[in-house]
Amino acid sequence: QVQLVESGGGLVQAGGSLRLSCAASGNIFSINVMAWYRQAPGKQREWVASITKSIYTNYADSVKGRFTISRDNAKNTVYLQMNSLKPEDTAVYSCKVVQDGMNYWGKGTLVTVSL
């Protein structure tokens, strides 16, 4: 089993920045993809960004140019640097990792962007 713990959420004004972290622990031997998802109130969860073990990154159009995903393989941690935040970025942000074909999810951290 792999456990994931997110941190770094909070309240920020529009135009501000936040950095989310997600640390993996447990039975880790080869995490391939690490990704961030978000779920806004009353909406379905949506994919935000992902990064492979070879550091190939991909982003949803809604965050491209504003968010940056990175990872530290030695620490089994994935980050999401969020800049130029907008009220529509308000959501619970969760991380997901894929290992040996299995998906593991964190419980999420709340990001609230005010006007």
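The values are calculated or read from the model by the stated rules, or taken from the named source; none is laboratory data. Note that the coordinates shown come from a computational prediction; the quantities given were computed from them, not determined experimentally. Heads up, the Cβs are rebuilt from the backbone with ideal geometry, glycines too, and the neighbour counts pull from every protein chain shown. The accessibility values were calculated without ligands, DNA or RNA, using every heavy atom of the protein model including side chains. Shrake-Rupley method; radii C 1.70, N 1.55, O 1.52, S 1.80 Å.
Contact annotation: residue pairs with Cβ atoms under 7 Å, 6 or more positions apart or on different chains, pairing a residue in segment 1-15 that is more than 30 Å from Gly101 (Cβ to Cβ) with a partner that is open to solvent by less than 40 Å² (accessible area, probe 1.4 Å) and not in a strand (DSSP E or B), are Val12/Leu85; Ala14/Leu85; Gly15/Leu85.
Scanning segment 3-31 for residues that are of a type in the set (S, T, N, Q), open to solvent by less than 80 Å² (accessible area, probe 1.4 Å) and in a strand (DSSP E or B) returns Ser7, Ser21, Ser25. Would you check if Ser50 is without any contact (Cβ under 8 Å) to a residue 24 or more places away in the chain, open to solvent by less than 40 Å² (accessible area, probe 1.4 Å) and assigned to a strand (DSSP E or B)? Judged against the criteria, Ser50 is a match.
On the basis of being within 16 Å of Gly108 (Cβ to Cβ), surrounded by 13 or more Cβ atoms within 10 Å (Cβ to Cβ) and among the small types (Gly, Ala, Ser), does Ala40 make the cut? The answer is yes for Ala40.
Working only within segment 96-115, note down all residues that are open to solvent by 60 Å² or more (accessible area, probe 1.4 Å) and at positive phi. Hits for segment 96-115 are Asp100, Gly101. Taking the criterion of being of a type outside the set (Val, Ile, Thr) and assigned to a strand (DSSP E or B), the residues of segment 32-47 that qualify are Asn32, Met34, Ala35, Trp36, Tyr37, Arg38, Gln39, Glu46, Trp47. Here segment 58-115 is the region considered, the condition is being of a type in the set (D, E, K, R) and more than 14 Å from the chain's Cα centre (by Cα), and the residue that is modelled with the lowest pLDDT is Asp100.
Each residue in segment 53-95 was checked for being surrounded by 19 or more Cβ atoms within 10 Å (Cβ to Cβ) and in contact with a Phe, Trp or Tyr (Cβ under 8 Å, 6 or more places away or on another chain), and 9 pass.
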